[in-house]
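The values are calculated or read from the model by the stated rules, or taken from the named source; none is laboratory data. None of these values were measured; they are calculated from a predicted model. In this analysis, Cβ positions are derived from the backbone assuming ideal geometry, glycine residues included, and neighbour counts consider all displayed protein chains. These area figures cover heavy atoms from the full protein model, side chains too; ligands, DNA and RNA do not enter into them. Shrake-Rupley method; radii C 1.70, N 1.55, O 1.52, S 1.80 Å.
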Amino acid sequence: MAEPARAPELWLHEAWHGRASPVVRAGLSAAAAAYRAALTVRSASYRIGLLSTRGLPVPVISVGNVTVGGSGKTPLAGVVVLALRGMGARPALISRGYGRRTRGVRIVADGGGLRLGARDGGDEPVLLAERLPGVPVVVGESRYEAGAAAVGTCFADALVLDDGFQHRTLYKDLEIVVVSGSDPWGNGRLFPRGSLREPLSALKRAGLVVVTNPPSATAMGDIARTLRRKGSAATVLSGTYRPTSLRRGDHVRAEEPEALCGRKVLMLAGIAAPGGFVETAEGLGAEVAGLAEFPDHHWYTIGDLDRVAARLRETGAEAVLTTEKDWVRLREMPLGDVPFWVLSVRLDMGADSMALAQVLSETLRRAAVGRPMP
């Protein structure tokens, strides 16, 4: 079966792991040097006032990362929203809405429920809106304008920014940075030569760092030491991804994730770091016949699904196993008779839940006293 041309995103991942010619590596290094210069100019522009940061009259908590995709910032944003609700706040979630076909500020969901589908609101915002019923979800290229709409139209009294670490137009009371425990800094190089969106010195802006799926206490210690070397005084916590349910397509009834044990599946993932999803399925005892990998936020085509169906037949797998985020996009497609199973995964803060709540509570307390405005 012929495969389509590899997307630039997948090609870059291969280059980051050394699978590129010296000429290509040299070109990426030159582009990374230009990118570093642009970041330096941008930071200086904020420092001397050429670019400005504006504030809103509510606490703003940002959840982001320093690498390109795959660390778990969106699941943690949902955890933060739930924690704030538990404290009596009325939070709204703000996102750019990557991959949507609309522009400008759009209200994906409000207190009355979902208002936009994934095509117009973005896959992650729609997924979060379904996981967090009653919570306003607003998307916009400008986090300030989206936040203003959430406050003025949806009456939110706290904002949680999904993927907000690099966005400095809006004043933030707390910067939370999410780090992958198994691959915290990628190859340590700046984009596009590596996966770093900013130099690690940017970690000085973080007030809290959450390490997802740390493989060992040693790995946690290494990450903490890197933070200190880069001048970060952030509190360091950890969380673990745990599978919570297995659904067969749109079936309402959910099964225990252990139902995957002994089942042969072809995995389908259009996410930033599919390796962790494969490991989760294998940890549940699934027999993984292969992985159909697509770029993050990829909108599937009929041709894509035809190739997946052919590969399913070739491998003799029982079903296609995919993520909730992929299912938000897939369910809008004609799927024919291909059986799709959806594995739900959540971030569990475990023993660090109370420490996270304390940091959030302190942030709300400081904002109530009156945070400094730029």
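Suppose R0 equals 41 Å; then what is the FRET efficiency for Glu141 and Ser344 from their Cβ-Cβ distance, rounded to the nearest 0.05? Result of the calculation: an efficiency of 0.90. Considering all different alpha carbon pairs of the range 93-146, the Kirkwood hydrodynamic radius works out to 10.4 Å.
How large is the accessible surface of Val359 in square angstrom, using a 1.4 angstrom probe and rounding to the nearest 10? We get 30 Å² for Val359. Extending 7 Å from the Cα toward the beta-carbon at both His251 and Glu9 defines two label points whose distance is 2.9 nm. Beyond 18 Å, how much of the Cα-Cα pair distribution for the range 182-243 remains, as a whole percent? Tail fraction, whole percent: 38.
May I ask for the net charge around Arg106, where only other residues with Cβ less than 10 Å from the Cβ of Arg106 are counted and Lys, Arg are +1 while Asp, Glu are -1? Charge balance in the 10 Å sphere: +2. Calculated from the alpha-carbon coordinates, the range 30-74 shows an Rg and a Dmax of 14.4, 42 Å respectively.
Between Thr240 and Thr226, the modelled labels are 2.2 nm apart [label points 7 Å from Cα along Cα→Cβ]. Convex hull volume of the C-alpha atoms in the chain, normalised per residue: 149 Å³.
Expressed as a whole percent, the proportion of Cα-Cα pairs in the range 140-253 lying more than 16 Å apart is 69%. Electrostatic bookkeeping for Lys73 treats Lys and Arg as +1 and Asp and Glu as -1; over the other residues with beta carbon under 11 Å from its beta carbon, the sum is -3.
With helices as the sole contributors, the chain gives -11500 deg cm²/dmol at 222 nm; each DSSP H run of n ≥ 4 counts as -39500 (n - 2.57), and the sum is divided by every residue.
Principal-axis analysis of the Cα atoms of the chain puts helix 274-283 at an angle of about 60° to the longest axis. Taking the Cα centre of the chain as origin, work out the dipole magnitude from +1 charges on Lys and Arg Cβ and -1 charges on Asp and Glu Cβ, in debye rounded to 20. Taking the Cα centre of the chain as origin, the dipole is about 1560 debye. At q = 0.19, 0.23 Å⁻¹, what log₁₀ I(q)/I(0) does a Debye calculation on the Cα points of the range 43-140 give, no solvent, two decimals? Listed by q, the Debye log ratios stand at -0.99, -1.23.
Once you reduce the range 96-116 and the range 338-352 to the center of their Cα atoms, the two points are 23 Å from each other. Applying Stokes-Einstein at 4 °C and 1.567 mPa s to the Kirkwood radius of the range 283-367, computed over alpha-carbon pairs, gives a translational diffusion coefficient of 81 µm² s⁻¹. Counting Cα-Cα pairs of the range 228-374 in 5 Å increments starting at 0 gives whole-percent bin shares of 2, 8, 15, 17, 15, 10, 7, 7, 7, 6, 3, 1, 0. When the Cα atoms of the range 167-210 are aligned to their principal axes, the ranges along those axes come out at 30, 22, 13 Å in descending order.
Helix 217-229 and the longest principal axis of the C-alpha atoms of the chain enclose an angle of approximately 40°. Residues considered: Val308, Val338, Val252. Largest GNM mean-square fluctuation over the chain, using C-alpha springs under 10 Å, is found at Val252.
Compute the convex hull volume of the Cα atoms of the range 230-277, divide it by the residue count, and report the result per residue in Å³ as a whole number. All intermediate terms of the calculation are to be shown ahead of the outcome.
Values: hull volume 7.6 nm³, N = 48.
Each residue corresponds to 158 Å³ of Cα convex hull volume.
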